[in-house]
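The block underneath contains the structure these notes are about, expressed in structure tokens.
The values are calculated or read from the model by the stated rules, or taken from the named source; none is laboratory data. Quick caveat: nothing in here was measured; it's all calculated off a predicted structure. Cβ atoms come from the backbone with ideal geometry, glycine included; neighbour counts cover every protein chain shown. Accessible surface areas use protein heavy atoms only, side chains included; no ligands, DNA or RNA. Shrake-Rupley method; radii C 1.70, N 1.55, O 1.52, S 1.80 Å.
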Amino acid sequence: MSFIQRVRHLISLYAVEIRSFFVLAAPRAWTTDWGDHVPKDSETGDFVVFERVQKSYDGEILVVKDLNLSIGKGEFLTMLGPSGSGKTTCLMMLAGFETATHGEILLDGNPINNIPPHKRGIGMVFQNYALFPHMTVAENLAFPLEVRKIGKSDREAKVKRALDMVQMGDFGGRRPAQLSGGQQQRVALARALVFEPELVLMDEPLGALDKQLREHMQFEITNLAHDLGITTVYVTHDQTEALTMSDRVAVFDDGRIQQLAPPDVLYEEPENSFVAQFIGENNTLSGTVETIEGGACTVKLASGDIIDAKPVNVTKPGEKTLVSIRPERVEFNKDRLQAGAHTLKAEVLEFIYMGDIFRTRLRVAGREDFVVKTRNAPDQVRLKPGEQIEIGWLPEDCRALDA
């Protein structure tokens with residue numbers, strides 16, 4: 001193997017570590033301790049701003065389309081969406097690894113489009129952690145401090161504080177290969193925070209962890225970010241992760257933000273059928289708007305049934321619509337149906353015990369994928385496949401969305 005080939009081989013092996021080097025080697029100094037240089041609560045005003053940002057790789061197809069987004073100081077914002085939706089590209093443009101084709105990105109009021117990654121002072125946590133394998137844990141954390149020319153005693157104090165913060169204080173002498181996946185994730189997080197950035201970017205950081213550890217780390221990361229008052233932009237395709245961790249969630253699809261809202265609003269009040277389907281489990285029934293007046297409409301389903309719904313983005317009779325109902329809003333215990341509930345006939349196809357809940361799959365209005373989730377309670381009805389039942393829900397829990 002020639003010298004050039006060996007160099008190329010090493011670059012391919014350590015591509016992420018090299019990228020990490022450019023993020024971590026930002027010559028930016030702080031003079032105060034954690035908790036003092038940034039507020040613990042979100043401030044009014046915008047800390048990160050995307051102004052009509054577009055991105056194209058081939059000059060023709062836009063993977064990000066006219067993105068306008070403002071993120072407050074101290075906010076934990078998640079970019080959520082399927083593969084190819086544009087969320088990771090937005091994160092990479094903010095980090096400086098991609099260049100916007102059009103538009104401006106501002107950080108604390110300053111344009112950063114032409115500022116290289118290593119001068120943006122942004123912390124970054126990658127999916128595969130990007131720890132330097134030849135360095136110990138302590139050396140990995142000390143590296144971004146060394147390039148900022150921080151003295152040895154201060155450096156050691158900051159490394160110790162960062163490791164203690166992620167409960168890794170006894171692991172400073174180990175190398176990354178001697179750590180579990182969860183431990184490596186903690187070290188990667190500590191390294192992103194050790195030089196006290198005001199902004200931290202996280203790209204699918206929990207994707208390689210098992211379910212239990214992933215859920216534990218979700219709470220640790222969120223609490224840490226809020227305690228330190230750090231602005232965090234987090235990218236994931238995991239809906240539960242986004243709902244659990246975020247102050248607000250930006251749902252991406254086809255290069256655009258489909259909805260930007262706090263988790264509860266996003267789940268309870270989806271603005272279109274994509275968001276309703278992508279966020280959590282959801283039942284949809286196709287139909288046509290029959291009447292619409294004020295804050296209510298009637299919809300004729302494909303089965304011929306007429307139901308009441310809340311019109312969200314339908315405006316006139318004759319429009320095709322997808323009616324959305326969350327599984328936990330549906331009831332099949334007649335004693336629990338509230339006054340004004342709309343009812344439909346259904347056939348039980350599956351009744352699954354899941355510990356804390358029962359999951360029932362039904363045939364409703366010609367569809368065989370209608371799901372009801374009910375709490376596991378002593379008085380909860382247990383059904384058998386083949387049973388004919390009646391289900392119901394309140395009209396305000398039923399949303400008429402775009403077809």
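Does ALA225 count as surrounded by fewer than 24 Cβ atoms within 10 Å (Cβ to Cβ), farther than 30 Å from ASP397 by Cβ and among the small types (Gly, Ala, Ser)? Step through it out loud before you land on a result.
On the way: surrounded by fewer than 24 Cβ atoms within 10 Å (Cβ to Cβ): yes; farther than 30 Å from ASP397 by Cβ: yes; among the small types (Gly, Ala, Ser): yes.
Spelling it out, ALA225 is indeed surrounded by fewer than 24 Cβ atoms within 10 Å (Cβ to Cβ), farther than 30 Å from ASP397 by Cβ and among the small types (Gly, Ala, Ser).
Going residue by residue through the range 360-380, is there one that turns out to be open to solvent by 50 Å² or more (accessible area, probe 1.4 Å) and assigned to a helix (DSSP H, G or I)?
No: zero hits.
Let me spell it out: the conditions are (1) closer than 18 Å to PHE47 by Cβ; (2) open to solvent by 10 Å² or more (accessible area, probe 1.4 Å); (3) of a type in the set (S, T, N, Q), and THR244 meets all of them except one. Which number is the exception?
(1)
Which one of the conditions (1) touching a residue at least 24 places away in the same chain (Cβ under 8 Å); (2) open to solvent by less than 10 Å² (accessible area, probe 1.4 Å); (3) part of a helix (DSSP H, G or I) does TYR267 fail to meet, given that it meets all the rest?
(2)
For the range 205-222, give me each residue that is in a helix (DSSP H, G or I), among the aliphatic types (A, V, I, L, M) and touching a Lys or Arg at 6+ places or on another chain (Cβ under 9 Å). Full working, then the answer.
We begin by selecting, within the range 205-222, every residue in a helix (DSSP H, G or I); these are 211-222.
Pick out the ones that are also among the aliphatic types (A, V, I, L, M) and you get 213, 217, 221.
Matches in the range 205-222: MET217 only.
Would you check if ASN313 is open to solvent by less than 60 Å² (accessible area, probe 1.4 Å), without any contact (Cβ under 8 Å) to a residue 60 or more places away in the chain and not β-branched (Val, Ile, Thr)?
Details: open to solvent by less than 60 Å² (accessible area, probe 1.4 Å): yes; without any contact (Cβ under 8 Å) to a residue 60 or more places away in the chain: no; not β-branched (Val, Ile, Thr): yes.
When the stated conditions are applied, ASN313 does not pass them.
Within the range 47-55, can one find any residue that is open to solvent by less than 80 Å² (accessible area, probe 1.4 Å), in contact with a His (Cβ under 9 Å, 6 or more places away or on another chain) and modelled with pLDDT under 95?
Just the residues of the range 47-55 that are open to solvent by less than 80 Å² (accessible area, probe 1.4 Å), to begin with: 47-50, 53-55.
Pick out the ones that are also in contact with a His (Cβ under 9 Å, 6 or more places away or on another chain) and you get 53-55.
Within this subset, residues satisfying the condition of being modelled with pLDDT under 95 are none.
There is no residue in the range 47-55 that is open to solvent by less than 80 Å² (accessible area, probe 1.4 Å), in contact with a His (Cβ under 9 Å, 6 or more places away or on another chain) and modelled with pLDDT under 95.
Need pairs with beta-carbon distance below 9 Å; first residue touching a residue at least 40 places away in the same chain (Cβ under 8 Å) and within the range 207-226, second assigned to a helix (DSSP H, G or I) and of a type in the set (Gly, Ala, Ser); sequence gap 6+ or separate chains.
Here the result reads ALA208/GLY181, each pair linking the range 207-226 to a residue that is assigned to a helix (DSSP H, G or I) and of a type in the set (Gly, Ala, Ser).
Scan (1) in contact (Cβ under 8 Å) with a residue 60 or more places away in the chain; (2) within 30 Å of GLU60 (Cα to Cα); (3) not in a loop (DSSP other than H, G, I, E, B) for the single condition ARG161 breaks and write down its number.
The single condition ARG161 does not satisfy is (2).
Which ones in the range 270-288 are within 30 Å of VAL249 (Cα to Cα) and either assigned to a strand (DSSP E or B) or of a type in the set (D, E, K, R) (or both)?
Here is the first cut: in the range 270-288, the ones within 30 Å of VAL249 (Cα to Cα) are 270-287.
Scanning the range 270-288 gives GLU271, GLU281, ASN283, THR284, LEU285, SER286, GLY287.
Enumerate the strands (runs of 3 or more DSSP E) found wholly within the range 71-134, keeping only those where 1 or more residues are closer than 22 Å to LEU243 by Cβ, modelled with pLDDT of 90 or more and of a type outside the set (S, T, N, Q).
On the way: elements: 76-80, 102-107, 123-125.
Here the list reads 76-80.
What number of residues within the range 97-111 satisfy the criterion of being within 23 Å of GLY74 (Cβ to Cβ) and crowded, with 21+ Cβ neighbours inside 10 Å?
Adding up the residues that qualify gives 1.
Tell me, please, whether a residue that is part of a helix (DSSP H, G or I), crowded, with 23+ Cβ neighbours inside 10 Å and within 13 Å of the chain's Cα centre (by Cα) can be found in the range 249-259.
Quick first cut of the range 249-259, residues part of a helix (DSSP H, G or I) only: none.
Checked against the condition, which is being part of a helix (DSSP H, G or I), crowded, with 23+ Cβ neighbours inside 10 Å and within 13 Å of the chain's Cα centre (by Cα), the range 249-259 yields no hits at all.
Are any of the residues in the range 125-136 buried (at least 22 other Cβ atoms within 10 Å of the Cβ) and closer than 15 Å to VAL235 by Cα? Give the steps one after another, and end with the answer.
Taking the range 125-136 first, the residues buried (at least 22 other Cβ atoms within 10 Å of the Cβ) are 125, 129-131.
Imposing the further condition that a residue be closer than 15 Å to VAL235 by Cα reduces the set to 125, 129.
Checked the range 125-136: at least one residue is buried (at least 22 other Cβ atoms within 10 Å of the Cβ) and closer than 15 Å to VAL235 by Cα.
Does the range 170-194 hold any residues that are outside any helix (DSSP H, G or I) and open to solvent by 10 Å² or more (accessible area, probe 1.4 Å), and which are they?
Residues of the range 170-194 that are outside any helix (DSSP H, G or I), as a first pass: 172-175, 179-180, 194.
Answer for the range 170-194, where residues must be outside any helix (DSSP H, G or I) and open to solvent by 10 Å² or more (accessible area, probe 1.4 Å): GLY172, GLY173, ARG174, ARG175, LEU179, SER180.
Test each condition in (1) crowded, with 21+ Cβ neighbours inside 10 Å; (2) at pLDDT 90 or above; (3) closer than 25 Å to ALA142 by Cβ for PRO205 and report the one that comes out false.
If we test PRO205 against (1) crowded, with 21+ Cβ neighbours inside 10 Å; (2) at pLDDT 90 or above; (3) closer than 25 Å to ALA142 by Cβ, just (2) comes out false.
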